[in-house]
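The values are calculated or read from the model by the stated rules, or taken from the named source; none is laboratory data. Here the structure is a predicted model, which means the values were calculated and not measured. Positions of Cβ are generated from backbone atoms using ideal geometry, with glycine treated the same way; all protein chains shown enter the neighbour counts.
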Amino acid sequence: MIRGGNATISVSDLDRAVGFYRDTLGLRLMFRAGPHWAEIDAGDGFRLGLHPASSHGPAPGTPGAITVGLAVAAPVSEVMAALERRGVGFHGPVVDGGGGIALAFFADPDGNPLYLAGPNGQGTAT
C-alpha cells in the first residue's frame, strides 16, 4: 500500500531553498514543478519535498512546518478508506494536489502530521 515517501518542508522562498539544498549542501534536485514543489535527493532513498508556505499551513520554521509524506500507488481515496477501516482518522477529504496527484492528511498517535500522496481517484475534492 505505501511505497516510499519524503519529508516535506514548508519554505518561504522556493528558489532560495532549492539553492541551499542543491548548491550549499550539494544534494541533487530530482524534480521541480515550477513555483509549487521541488524534490531533493538526500541519499539512500531519502527525499526532501520543498513546498512554498501558504496561508492555510504552518509558517516555515514553526511546529508542523515539516511533515512526512507517504507515497501510494493506488488511488489515495482507496488507501484512505483502507486506513480508516484500521482506525486512522483523516483531517478532511482527499484534496487535489495538482498534476494528477491527490493528498489526504492525518496524524500519528502523537499528533505528528502525515499525508498520503498518490494518484487521483474518485471522491477527490478541490
Quick test of your reading of the structure: D108 fulfils all but one of (1) under 14 Å from G5 (Cβ atoms); (2) in contact (Cβ under 8 Å) with a residue 12 or more places away in the chain; (3) not hydroxyl-bearing (S, T, Y). Name the failing condition by number.
(2)
What is the number of the single condition among (1) surrounded by fewer than 13 Cβ atoms within 10 Å (Cβ to Cβ); (2) assigned to a strand (DSSP E or B); (3) among the hydroxyl-bearing types (S, T, Y) that T67 does not meet?
(1)
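Rundown of residues vs (1) in contact (Cβ under 8 Å) with a residue 24 or more places away in the chain; (2) closer than 22 Å to L70 by Cβ, yes/no style:
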site	(1), (2)
D15	no, no
G19	no, no
L25	no, no
F31	no, yes
G43	no, yes
L48	yes, yes
P52	yes, yes
S55	no, no
A59	yes, no
Residue among F31, F20 that alone is aromatic (F, W, Y) and surrounded by fewer than 15 Cβ atoms within 10 Å (Cβ to Cβ)
F31
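Yes/no per residue for (1) within 14 Å of the chain's Cα centre (by Cα); (2) under 25 Å from S12 (Cβ atoms); (3) not basic (K, R):
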position	(1), (2), (3)
A59	no, yes, yes
I66	yes, yes, yes
G69	yes, yes, yes
A81	no, no, yes
E84	no, no, yes
G97	yes, yes, yes
G118	yes, no, yes
For P60, state whether it is loosely packed, with under 11 Cβ neighbours inside 10 Å and over 16 Å from N6 (Cβ atoms).
no
Scan P60, P109, P93 and give me the residue that is in a loop (DSSP other than H, G, I, E, B) and modelled with pLDDT under 90.
P109
List the number of the failed condition for E84; all other conditions in (1) part of a strand (DSSP E or B); (2) at negative phi hold.
(1)
Given (1) farther than 17 Å from Y115 by Cβ; (2) outside any strand (DSSP E or B), where does A74 come up short, assuming only one miss?
(1)
Selection within the range 1-57 - of a type outside the set (S, T, N, Q) and assigned to a helix (DSSP H, G or I)
L14, D15, R16, A17, V18, G19, F20, Y21, R22, D23
Within the range 28-38, is there a residue that is farther than 24 Å from P119 by Cβ, modelled with pLDDT of 95 or more and of a type outside the set (G, A, S)?
yes
I'd like the full set of residues that are polar (S, T, N, Q) and within 25 Å of A38 (Cβ to Cβ), limited to the range 66-84.
T67
